[in-house]
Structures are given as structure tokens and as C-alpha cells.
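**Student:** Just dropping this structure here.
We did not get these values from a lab; they are worked out from the coordinates using the rules stated. It should be emphasised that the depicted structure is a prediction, and the values quoted were computed from it without experimental measurement. For neighbour counting, all protein chains shown are included, and Cβ atoms are generated from backbone atoms with ideal geometry for every residue, glycine included.
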Number of protein chains: 2
Amino acid sequence: MTPEVRVIGIVGIPEVHPGDDLAALILDAARRQDTLPIDGDVLVVTQKVVSKAEGRVVDVHTIEPSTFARQVAAETGKNARHVEVVLRESRRIVRMDRGVIITETHHGFICANAGVDASNAGGPGLLILLPEDPDRSAEALRVAIEERAGVRVAVVISDTFGRPWREGTDEVAIGVAGLVALKDYAGQRDPYGYELRVTQVAVADELTAAAELVTGKLERIPAALIRGYHFEPGSGSGRDLVRDPDRDLFR
Amino acid sequence: MTPEVRVIGIVGIPEVHPGDDLAALILDAARRQDTLPIDGDVLVVTQKVVSKAEGRVVDVHTIEPSTFARQVAAETGKNARHVEVVLRESRRIVRMDRGVIITETHHGFICANAGVDASNAGGPGLLILLPEDPDRSAEALRVAIEERAGVRVAVVISDTFGRPWREGTDEVAIGVAGLVALKDYAGQRDPYGYELRVTQVAVADELTAAAELVTGKLERIPAALIRGYHFEPGSGSGRDLVRDPDRDLFR
């Protein structure tokens, strides 16, 4: 049988506001286009609508920048209030150079500006923060979809990160529910009996990259269903994808 | 209309040997499963079969290790002949620590072991090297498919790389033909009029990640068609995805 995976964009999800029932908005939109989730689907949801529904939005005008934030802003050409929000969302600065601030967030993710972003935020001066606990966000969506649609899906919350060495952004999984985030090949052998060099594949990240092919950045499609991918069910976490600092040569 | 992208694995491609006509093998297999490529498809082919067809295979027993290769092998617990091959495929060592050798290949890619790999190589002692010019490999496949099947597809050659900060491997595009590798949003605005923070999306990498959902590592599925993705036609290159050293904070 021909292996095939389908990536289905969910269009028609309205503008999301704090307190909105995101699972309901996603299911309503999926129903309207006749693509309700089925058992075994992976629902990929972009971070921005999750954060909006959870009220993780800050009006930059309400923020008082610290002295350090003002210094960094002057160095990098950024807005001092914006920098202050980035610093508050960070537990460590990984690199600060050439107008770029790479930090480690309180979750442990390493990304530009602690994931704080003004684009697609909903208005001038608004900044969107990452969800407080993206795994919890994913699990809440997973449970809500099981309860309301009667189907068992996995959920991945995606965000757009840059990376060292390579141009362009890539999608990554920051929150995971219902699937194992890393596919483990340890000890398995190739068809020639040779033990595989690759032992762990970041399947949760691959799922977010596949979803981005339909969600895009301007299309107002904040969610996609991935159908036909045989994932390993389990209680994975976005944190499984964060390398232990002791094993990381590039912190 | 519901946006949908299909990722179709091509099964039944036989073991590939030096000199084989890879385009013919792929088309034959696709024909047998009734999924011949159509205009606008992206054909993603894993590096290993491309390298095999191009004869980029080395028998490690024929390699005489240098003094430096022996030293590195002793430090890292690797085979000295294998290390010698890695060094020959590299123009610079980026990091060498804790048993890991990260190098910059002659193409400019930064990856473990210069992309030299023994798994799925075809036999004991065999090492597969990256294609000499993966863009040329991609273009040759693109042209062959246009000539024989009469369809215009884009071709991406994928490989499996690790990355800093995150666990698990990810797929990347090392060769590209017929599409623009980076989708450029520079100057575009979100629905609220705010200029996008993300200006370049590594769509060629996203396509390889989507393909991995069906190709896997053990399934003997070295190629996939991606159908329904509206890429920008053009003469992209795998090198477009390599960050200029001057703009890279992590070399």
C-alpha cells in the first residue's frame, strides 16, 4: 500500500481573543469545511492563537523598562519596553550581538527574543508571549477535542524559530500531547544489519514543518490536521526536544 | 477551498548501485503504485540513494589514515580510517568534543562527520559521502523527469542533520532544483498592518521534513512526492540555506 500523509489546513478560524474556547473555534471551522478530526490525526496549532486564547498578550506601553533593558535597546536598536518584556520571559541570555538577542526562555527553549513577537499580535503595541506551559496547552486541546468530537488525536503546538548555521526559519514543536516527540531507533539495524547512526528523529518538529506548508504566515490558517501519519502514542513533551545543556556543544 | 498538501511515499525502489539511472528507478516505482508525478509536484529524494547512484561510496579499508586522523580517532573513540574520510570531506572543523565531530563540508554545510555515514550504506566497511554537487544532482533528476514523464516538478535532495540546542535529528535540503528555497516575506504585512518579523521561511527544509513522515529510516522508501504545495518556481540552491559566516553567531 502506498504510504500517504495528508496535511489539511483549517480555514475560517476567527480572530482569537483572551478567554476564547480555542478547541471549539477549531472544531467549528473544521466542521464547516467538512474535515473534522478523526482518530489518529495530529492537530498542529500555531503558538500565536494558543497564546491569544490564554491571554498571553502584553501592551508594551504598560511596561516600564529597566536600566539594563534600556542599555540593550540602545545597543540593538530595539524598543526598550519590548526588550524589557523579552528579558522578563528569559532565564538566560545565550547570545547578544548584531541586533539579535537569543535567550533561553523559562521553559528552556532557545530562540530569538524569548519568542516574544509583535507580528500577527492583533494591534499596535501588542506583544504575544509564548504560552506559560505549552504542553499543558496541548493537553487541554487534546482533551477538549476528545470530549467534544469523540476522537483521539495528538496535539502539537508549533512556533517559528531561527537556527544556527542555516538561513530561514523552521517550525518547531514547543508543546506536545498524546504522542512521543522523539522517534527512537536506538539499537535498530538497517536492511544490511548495520546499526543506525541516527537514533532519535524529532518527529514532533517534522510534523510542525509539514503543517507550515499549509498554514503559512499570512493566510490566517493557524491550525492543520495531519492525517495518515502513524505516530507512537504516548505522553511526549515539548521539553523532550530541548537538548540537555550538558550535551550541548553550542550554548 | 480547503488547502491540502499530500505527501506520497514511493515504495519499491530497488537497491541503488553506482551508475544506476535513479530517475528511471523512481519513475518505474511511482508508475507501479500509480502515483506518477504531475506538474507542480515536489520530488524529495534522500541523499543516500543519490550518492549511491553517483558512486559516492568509499570502502573504508582502502583508506590510509593520516597522523591527525589517528589522533582524532583515539580522542573520539572512532575508527581512524572513517575519521580520515570525514577530514577529506571537510574544509573546516567547527567543533570537536565529547565524541562528536562537527565540520563544514566543502559545500559549506555544517553537520556531524561531514555527512559521511555507514548506515544504509550497503555493506560492512562502506561509507557514503554527500553528493559532490547536490544542486547538480537535483537538477539532473528534474530534467530527467521532465524529459521522460513530460511533467515539470521541483526536486529537493534531503539529508538528516542534528542541530544545536534541540534533541533529535531533522531533515534539511542539501540540493534544490526548480524552486526557490527560501520564501521571502520581506516588507509584507500581517492582517493588522504590522510588518512581519519572520522574513524568510526555509520552505525547502520544511518540504524535506514533511517527506520524512513517509520515508522514515528503515522503510526502504528513499523518495516522496509532495503534491498540492504551491511553491515559487525558480532556480534555488541548497546553498541558499547556508547562513553566511559573517551573519552567523554560532560558528
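**Student:** Give me the lysines in straight-line cross-link reach of A:K52: C-alpha distance below 20 Å, same-chain residues under 8 apart excluded.
**Tutor:** Once the sequence-local lysines are set aside, what remains near A:K52 is A:K217.
**Student:** Can you give the calculated 222 nm mean residue ellipticity of chain B, where each DSSP H run of n ≥ 4 adds -39,500 (n - 2.57) and the sum is split over every residue, rounded to the nearest 500 deg cm²/dmol?
**Tutor:** Helix-only estimate at 222 nm: -8000 deg cm²/dmol.
**Student:** How high is the relative contact order of region B:110-194, given as a whole-number percent (alpha carbon pairs under 8 Å, six or more residues apart)?
**Tutor:** 24 percent.
**Student:** What is region B:58-127's relative contact order, in percent, from Cα pairs under 8 angstrom and six or more apart in sequence? Walk me through the intermediate numbers first.
**Tutor:** On the way: 109 pairs, mean separation 18.9, N = 70.
Relative contact order, region B:58-127: 27 percent.
**Student:** Please list, short to long, the whole-number percent of alpha-carbon pairs of region A:1-119 in consecutive 10 angstrom bins beginning at zero.
**Tutor:** The distribution over region A:1-119 is 12, 32, 24, 20, 10, 2, 0, given as percents.
**Student:** Measuring label to label, 7 Å along Cα→Cβ, what does B:L218 give against each other copy in nm, shortest first?
**Tutor:** Those separations, rounded to one decimal, come out as 4.4 nm.
**Student:** How many Å³ per residue does the convex hull of the Cα positions in chain A occupy?
**Tutor:** Working: hull volume 36.3 nm³, N = 251.
About 145 Å³ per residue, rounded to a whole number.
**Student:** Highest mean first, what order results for B:132-142, A:20-30 on Cβ atoms within 10 Å? Don't jump to the answer; show the numbers that get you there.
**Tutor:** Numbers: B:132-142: 21.3, A:20-30: 18.7.
Answer by packing, highest mean first, reads B:132-142, A:20-30.
**Student:** Determine how many Å³ per residue the convex hull of the Cα atoms of region B:165-251 encloses.
**Tutor:** For region B:165-251, the hull spanned by Cα atoms encloses 160 Å³ per residue.
**Student:** Volume per residue, Å³, of the convex hull around the alpha-carbon atoms of the protein assembly as shown?
**Tutor:** In the protein assembly as shown, the Cα hull volume divided by residue count equals 139 Å³.
**Student:** Helix A:134-149: angle to the longest alpha-carbon principal axis of chain A, degrees 0 to 90, nearest 10?
**Tutor:** 40
**Student:** Evaluate the Kirkwood expression for the hydrodynamic radius of region B:58-127, namely the inverse of the mean inverse distance over all pairs of different C-alpha atoms, and round to one decimal in Å.
**Tutor:** 12.0
**Student:** Hey, another quick one. How do B:Y229, A:Y194, B:Y192 rank when sorted from fewest to most other Cβ atoms within 10 Å of their own Cβ?
**Tutor:** Lowest to highest Cβ neighbour count: B:Y192, A:Y194, B:Y229.
**Student:** Any idea what the B:R136 label distances to the other copies are, label 7 Å down the Cα→Cβ vector, nm, shortest first?
**Tutor:** 5.6
**Student:** How long are the semi-axes of the ellipsoid equivalent to region B:64-208, from square roots of 5 times the Cα gyration tensor eigenvalues, in whole Å, largest first? Write out the running numbers ahead of the final one.
**Tutor:** Working: eigenvalues 232, 101, 27 Å².
Calculated on Cα positions only, the semi-axes equal 34, 22, 12 Å.
**Student:** Which distances, shortest first and in nm, link A:L249 to the matching position in the other copies, using label points set 7 Å out along Cα to C-beta?
**Tutor:** 2.1
**Student:** Let me have the relative contact order for chain B, percent, based on Cα pairs under 8 Å that are six or more residues apart.
**Tutor:** Contact order relative to length: 26 percent.
**Student:** Please list the equivalent ellipsoid semi-axes of region B:71-110, computed as the square roots of five times the alpha-carbon gyration tensor eigenvalues, in descending order and whole angstrom.
**Tutor:** Taking √(5λ) for each eigenvalue gives 17, 12, 6 Å, largest first.
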